[in-house]
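A.B. asks: Input: one structure, supplied below.
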Amino acid sequence: MAALCGLAPLLHGCTTAACSHGEYDAPECRVAAEVHYARLLTSTGVGLTFTEPDAVEVAVLAVGLLEETAEHVLVRPATLMDFAVALDPGDLGATEVTLRLENVATDAAVTVGPLGAEVEVPGPLVGTSRDLVVPLADEVVWVRGTRACPESYRLVMAGDVQTNPLQFERILETLHDSFAEAREAGAPLLGFVLLGDLAEHPVEDELEHVRDLLAKSPVPVSVVPGNHDVHGDEFALYNRIFGSGSYTQEVCTSKLALLDTGAGALAPSVQARLPSMLERGGFDFLVAGAHYPAFPGRTGSGWGDQAAEWYLLSELARNEADLYVAGHYHSWEEMPAVPVGDGEVHQIVSGTLGATQGNGLARYGTTRLTFSGAGVASCFDEVLPPGRLESETGGQGGIRFCD
């Protein structure tokens with residue numbers, strides 16, 4: 001399940017002068033871009049569209065990236081669990097299309113075929129990419145991925161790579177150990193949520209370098225942008241390279257809502273959908289993630305639109321969200337609960353993927369969330385930088401280190 005980010009013709013921002021002139025640091029223009037990149041018409045006339053995972057009719061859902069290359073069509077879901085892509089054969093006589101699936105879990109069961117005649121195709125033993133040659137038919141062909149859900153499971157979340165992709169690469173490499181340890185502990189690691197500031201500047205080389213590094217992850221990765229990824233961008237680079245920015249997804253017993261706050265604001269169309277995006281429904285857990293912490297009054301919080309920040313907090317509190325996780329501050333910190341009416345919002349800041357942390361002892365790593373019948377448990381999973389041989393845990397201002 002994922003929140004519909006809207007059809008491009010219906011978006012107010014798609015008709016603004018800013019979007020017409022390519023000012024993609026405007027959040028509504030990025031909504032238009034993410035919808036655009038969630039569908040594709042290939043050079044052979046085949047149409048591809050990301051849809052709801054259980055869809056039986058074609059309706060665009062901005063939860064992924066589609067891109068045609070000389071060798072294949074790249075299909076990159078933005079979500080960690082289930083996905084679906086519809087393939088319309090078109091009128092030019094194409095008989096097949098070669099797909100490169102990226103960001104798809106090794107344990108995902110992928111099926112291909114017309115509705116009601118889908119067959120499972122074998123997957124790789126390792127890695128999050130696989131190649132498929134999909135035969136086309138006279139009707140829509142569906143490519144779907146589904147994953148089984150364990151009783152207990154883990155996610156990791158963090159942001160702020162910026163000037164230190166080397167440290168980020170070390171963190172991705174250690175995820176393999178975390179993946180194996182989590183499986184042995186009976187709480188499999190299902191995915192990694194990357195909370196923005198992937199690069200120092202919103203330029204193609206920097207953003208593509210981080211995307212290429214994500215191939216090292218043993219699990220799928222969901223991404224949102226930060227301010228360093230979008231300010232001054234005139235080419236929708238974040239969306240062209242990573243796809244979606246504001247979307248929800250079902251992760252077993254949890255609803256995970258991810259928001260594009262890269263400009264210190266929410267797109268009006270996203271803000272209008274917050275009540276449904278943050279509706280808990282029948283889920284045991286509700287977790288939201290974005291780049292900017294929602295902590296009004298704190299210096300440097302980054303929100304230019306304080307009304308949007310308070311509206312987000314009110315919806316989080318109204319729906320009794322379990323946790324809001326953000327980056328932006330280059331540290332790990334469990335924030336004091338923000339009182340909102342009769343409720344409160346609990347937040348963790350984890351801007352710890354590589355960005356400079358000043359002159360003190362730098363702490364790099366991810367926030368580990370473990371979901372079980374006992375609730376959501378959180379801790380900081382440290383990855384030592386080059387030159388440090390062992391962790392120093394004393395006097396770290398309340399950091400809750402993972403065992």
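A.B. asks: Pull out a ≥ b ≥ c, the square roots of the eigenvalues of the alpha-carbon gyration tensor of region 230-277, then state rounded if a/c is under 1.5, prolate if not and a/b is larger than b/c, and oblate in the remaining case.
C.D. replies: Values: a/c = 2.95, a/b = 1.58, b/c = 1.86.
Oblate is the answer for region 230-277, as a/c is 1.5 or above yet b/c matches or exceeds a/b.
A.B. asks: Could you work out the relative contact order of region 153-382? I mean the mean sequence separation of Cα pairs under 8 Å and 6+ apart, divided by the number of residues, in percent.
C.D. replies: Values: 520 pairs, mean separation 51.2, N = 230.
Answer for region 153-382 is 22 percent.
A.B. asks: Let me ask something additional. Could you work out how far the C-alpha centroid of region 252-275 sits from that of region 95-141, in angstrom?
C.D. replies: So the two Cα centres are separated by 30 Å.
A.B. asks: If you don't mind, there's one more thing I want to ask. As a check on your grasp of the helix formula, calculate [θ] at 222 nm for the chain: sum -39500 (n - 2.57) over DSSP H runs of n ≥ 4, divide by the residue count, round to the nearest 500.
C.D. replies: Calculated from helices alone, the mean residue ellipticity at 222 nm is -5500 deg cm²/dmol.
A.B. asks: For region 91-160, what is the Kirkwood hydrodynamic radius in Å, using each pair of distinct C-alpha atoms?
C.D. replies: Result for region 91-160, one decimal place: 14.1 Å.
A.B. asks: Gap in Å between the Cα centre of region 147-161 and the Cα centre of region 42-65?
C.D. replies: 25 Å
A.B. asks: For the chain, with a Gaussian network of springs between Cα atoms less than 10 Å apart, report the residue from Leu214, Leu266, Leu41 with the top mean-square fluctuation.
C.D. replies: Residue with maximal mean-square fluctuation among Leu214, Leu266, Leu41: Leu41.
A.B. asks: Next up: What is region 176-290 by shape, rounded, prolate or oblate, if you read a ≥ b ≥ c off the alpha carbon gyration tensor as root eigenvalues and call it rounded for a/c under 1.5, prolate for a/b larger than b/c, and oblate otherwise?
C.D. replies: oblate
A.B. asks: When the Karplus curve 6.51 cos²θ - 1.76 cosθ + 1.60 is applied with θ = phi - 60°, which whole-Hz ³J(HN,Hα) does each residue of region 304-312 get, with x for Gly and Pro?
C.D. replies: Those phi angles translate into x, 10, 5, 5, 5, 4, 5, 5, 4 Hz.
A.B. asks: Give the shape of region 153-382 as rounded, prolate or oblate, defined through the alpha-carbon gyration tensor: a ≥ b ≥ c are the square roots of its eigenvalues, a/c under 1.5 means rounded, and otherwise the shape is prolate if a/b is larger than b/c and oblate if not.
C.D. replies: rounded
A.B. asks: Cα-based Rg of the chain per 2.2 N^0.38 Å, rounded to two decimals?
C.D. replies: Working: Rg = 20.3 Å, N = 403, 2.2 N^0.38 = 21.5 Å.
Working it through for the chain, the quotient is 0.94.
No value in this document is a laboratory result; all are computed from the given coordinates. Here the structure is a predicted model, which means the values were calculated and not measured.
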